[in-house]
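Colleague: Got a structure for you, written out below as structure tokens; questions coming shortly.
The values are calculated or read from the model by the stated rules, or taken from the named source; none is laboratory data. These numbers come from a predicted model, not from an experiment. We place every Cβ from the backbone using ideal geometry, glycine too, and count neighbours over all the protein chains shown.
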């Protein structure tokens with residue numbers, strides 16, 4: 001039975017439940033209203049700087065202060081020294097890497113502006129907070145950097161940053177930037193860019209390793225019929241995880257007609273804007289056409305009531321499988337058989353028991369880089385160090 005009007009709650013714990021209705025939401029507000037000057041604190045936030053009035057204000061305002069106001073030094077008071085950032089293109093393990101990477105991208109894309117599309121969150125001051133921050137970034141490639149010589153071309157791409165925060169400090173972050181969208185729009189060769197990234201990893205001794213079958217099917221058994229609901233905190237989240245398991249792991253793609261509204265809008269990678277059951281079905285089937293043995297693993301889920309009605313739900317996930325076919329990740333080309341882990345984020349607007357909007361973000365560039373890295377490892381094995 002579909003969950004329609006239950007109080008799903010965006011925060012676990014007494015503080016979160018009491019304050020959820022007072023916490024800002026990004027969707028219908030202008031930026032100046034999201035970073036208010038004369039607003040008192042509306043939820044308990046022990047240890048946070050006085051400027052922040054709630055957890056949404058915190059994540060939007062500190063991002064703006066660091067990236068748009070150029071106060072990069074705030075990273076020292078907003079990230080722990082050993083913060084781990086899991087990116088679709090690699091992992092960093094220190095605050096200094098966050099500082100250096102921020103400076104590099106800020107120089108390369110000085111006109112970039114990251115606008116908050118929505119923030120879905122959970123938590124409280126005792127347990128810490130979790131935020132899933134969907135950003136629409138616009139800019140122009142005007143300076144040299146990791147993207148090479150400037151092309152002067154503009155881009156629009158989505159990014160999702162999931163953060164774990166305790167007393168003003170981000171101590172863990174998962175970051176999915178749609179690098180492929182940026183690279184294509186500014187006129188670079190995706191294969192050349194992926195090759196360069198793979199070579200940098202290869203030179204550090206990072207080789208792709210195929211560890212065999214994933215856990216979607218154990219031996220000759222079919223996929224399990226029941227999803228793992230341990231990460232869910234309420235009935236809505238449990239139901240959403242059930243929908244996703246049915247569609248992604250059991251391959252019951254017809255379920256999309258049941259749980260998505262006929263008028264659903266799909267906001268996908270490469271800035272796709274698509275509509276209706278057919279579009280969502282095609283994108284989902286196309287992902288598993290690339291990775292027919294792909295196993296969908298939700299890593300985190302949280303939800304908040306939405307000012308527009310219904311609830312917003314954020315899911316962080318991994319699809320693990322082998323590149324065995326042709327699909328929506330067109331840059332991968334002919335099947336290579338290489339193992340790929342694709343990290344993604346999905347924000348859903350659930351209203352009257354159905355999904356009316358789906359923002360799904362993953363980075364095709366990450367998959368292409370992994371394939372090329374595995375191919376470099378093959379060449380090394382075949383021809384030695386001097387290939």
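Colleague: Which is touching a strand residue (DSSP E or B) at 6+ places or on another chain (Cβ under 8 Å) and part of a loop (DSSP other than H, G, I, E, B), of 308, 273? Give the derivation first.
Modeller: Details: 273 fails: part of a loop (DSSP other than H, G, I, E, B).
Only one candidate passes the filter, namely 308.
Colleague: Another question, then. Collect the residues in the stretch 339-387 that are surrounded by fewer than 17 Cβ atoms within 10 Å (Cβ to Cβ) and more than 28 Å from residue 265 (Cα to Cα), keeping them in residue-number order.
Modeller: Residues satisfying the conditions are 375, 378, 379, 380, 381, 382, 383, 384, 385, 386, 387.
Colleague: Listed residues 269, 305; which is more than 17 Å from the chain's Cα centre (by Cα) and under 18 Å from residue 133 (Cα atoms)? Let's see the steps before the verdict.
Modeller: Numbers: 269 fails: more than 17 Å from the chain's Cα centre (by Cα).
Among 269, 305, only 305 is more than 17 Å from the chain's Cα centre (by Cα) and under 18 Å from residue 133 (Cα atoms).
Colleague: Also, I was wondering about something else. Which one is surrounded by the most Cβ atoms within 10 Å (Cβ to Cβ) among residues in the stretch 69-101 that are closer than 18 Å to residue 146 by Cβ and touching a helix residue (DSSP H, G or I) at 6+ places or on another chain (Cβ under 6 Å)? Talk me through it step by step, then tell me what you get.
Modeller: Step one: list which residues in the stretch 69-101 are closer than 18 Å to residue 146 by Cβ, which gives 72, 85, 87-92, 96-101.
Then drop every residue that is not touching a helix residue (DSSP H, G or I) at 6+ places or on another chain (Cβ under 6 Å), which leaves 72, 88-89, 98-99.
On the way: 72: 16, 88: 25, 89: 17, 98: 21, 99: 16.
In this case the residue turns out to be 88.
Colleague: Return yes or no: is residue 111 in contact with a helix residue (DSSP H, G or I) (Cβ under 6 Å, 6 or more places away or on another chain), surrounded by fewer than 21 Cβ atoms within 10 Å (Cβ to Cβ) and modelled with pLDDT of 95 or more? Outline the logic, then answer.
Modeller: Numbers: in contact with a helix residue (DSSP H, G or I) (Cβ under 6 Å, 6 or more places away or on another chain): no; surrounded by fewer than 21 Cβ atoms within 10 Å (Cβ to Cβ): yes; modelled with pLDDT of 95 or more: yes.
Taking the combined requirement at face value, the residue does not satisfy it.
Residues checked against (1) surrounded by fewer than 18 Cβ atoms within 10 Å (Cβ to Cβ); (2) in contact with a strand residue (DSSP E or B) (Cβ under 8 Å, 6 or more places away or on another chain); (3) in a loop (DSSP other than H, G, I, E, B); (4) touching a residue at least 40 places away in the same chain (Cβ under 8 Å):
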site	(1), (2), (3), (4)
33	yes, no, no, no
57	no, no, no, no
60	no, yes, no, yes
66	no, no, no, no
103	yes, no, no, no
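Colleague: Residues in the stretch 158-166: is at least one outside any strand (DSSP E or B), more than 17 Å from the chain's Cα centre (by Cα) and closer than 26 Å to residue 59 by Cα? Spell out how you get there, then give the answer.
Modeller: Looking only at the stretch 158-166, we keep the residues that are outside any strand (DSSP E or B), and these are none.
For the stretch 158-166, residues outside any strand (DSSP E or B), more than 17 Å from the chain's Cα centre (by Cα) and closer than 26 Å to residue 59 by Cα: absent.
Colleague: Take the residues in the stretch 167-194 that are surrounded by fewer than 18 Cβ atoms within 10 Å (Cβ to Cβ) and either closer than 14 Å to residue 370 by Cβ or not assigned by TED's automatic domain parsing to the domain that holds residue 59 (or both); name whichever of them is nearest to the chain's Cα centre (by Cα).
Modeller: Step by step, filter the stretch 167-194, then rank; the result is 190.
Colleague: Can you tell which of 9, 21 is modelled with pLDDT under 95, in contact with a strand residue (DSSP E or B) (Cβ under 8 Å, 6 or more places away or on another chain) and on the phi > 0 side of the Ramachandran plot? Talk me through it step by step, then tell me what you get.
Modeller: Working: 21 fails: on the phi > 0 side of the Ramachandran plot.
So the residue among 9, 21 that is modelled with pLDDT under 95, in contact with a strand residue (DSSP E or B) (Cβ under 8 Å, 6 or more places away or on another chain) and on the phi > 0 side of the Ramachandran plot is 9.
Colleague: Also: Filter the stretch 125-150 down to the residues that are part of a loop (DSSP other than H, G, I, E, B) and in contact (Cβ under 8 Å) with a residue 60 or more places away in the chain, then identify the one that is surrounded by the fewest Cβ atoms within 10 Å (Cβ to Cβ). So that I can check it myself, show each step before the final result.
Modeller: Initial filter on the stretch 125-150 (part of a loop (DSSP other than H, G, I, E, B)): 125-127, 141-144, 146-147, 149-150.
In the following step, the residues that additionally are in contact (Cβ under 8 Å) with a residue 60 or more places away in the chain were identified as 125-127.
Details: 125: 19, 126: 12, 127: 14.
Per the criteria, the residue is 126.
Colleague: Kindly establish whether residue 337 is in a loop (DSSP other than H, G, I, E, B), free of Cβ contacts under 8 Å to residues at least 24 places away in the same chain, in the same structural domain as residue 287 (by TED's automatic domain parsing) and closer than 24 Å to residue 215 by Cα. Write out each step before concluding.
Modeller: On the way: in a loop (DSSP other than H, G, I, E, B): yes; free of Cβ contacts under 8 Å to residues at least 24 places away in the same chain: yes; in the same structural domain as residue 287 (by TED's automatic domain parsing): yes; closer than 24 Å to residue 215 by Cα: yes.
Here the answer is yes, as residue 337 does meet what is asked.
Colleague: Additional query: Pick out the one residue from 292, 262 that is outside the structural domain of residue 183 (by TED's automatic domain parsing), part of a loop (DSSP other than H, G, I, E, B), at pLDDT 95 or above and surrounded by fewer than 16 Cβ atoms within 10 Å (Cβ to Cβ). Break it down stepwise before answering.
Modeller: On the way: 262 fails: part of a loop (DSSP other than H, G, I, E, B).
That would be 292, the only listed residue that is outside the structural domain of residue 183 (by TED's automatic domain parsing), part of a loop (DSSP other than H, G, I, E, B), at pLDDT 95 or above and surrounded by fewer than 16 Cβ atoms within 10 Å (Cβ to Cβ).
Colleague: Determine which member of the set 344, 325 is under 17 Å from the mean Cα position of the chain (by Cα), under 23 Å from residue 193 (Cα atoms) and either part of a strand (DSSP E or B) or in contact (Cβ under 8 Å) with a residue 24 or more places away in the chain (or both). Let's see the steps before the verdict.
Modeller: Working: 325 fails: under 17 Å from the mean Cα position of the chain (by Cα).
Testing whether each residue is under 17 Å from the mean Cα position of the chain (by Cα), under 23 Å from residue 193 (Cα atoms) and either part of a strand (DSSP E or B) or in contact (Cβ under 8 Å) with a residue 24 or more places away in the chain (or both) leaves just 344.
Colleague: Checking the conditions here, which among 381, 377 is under 25 Å from residue 202 (Cβ atoms), outside any strand (DSSP E or B) and free of Cβ contacts under 8 Å to residues at least 12 places away in the same chain? Even if it seems obvious, please write down each step before you answer.
Modeller: Details: 377 fails: free of Cβ contacts under 8 Å to residues at least 12 places away in the same chain.
Criteria check complete, one pass: 381.
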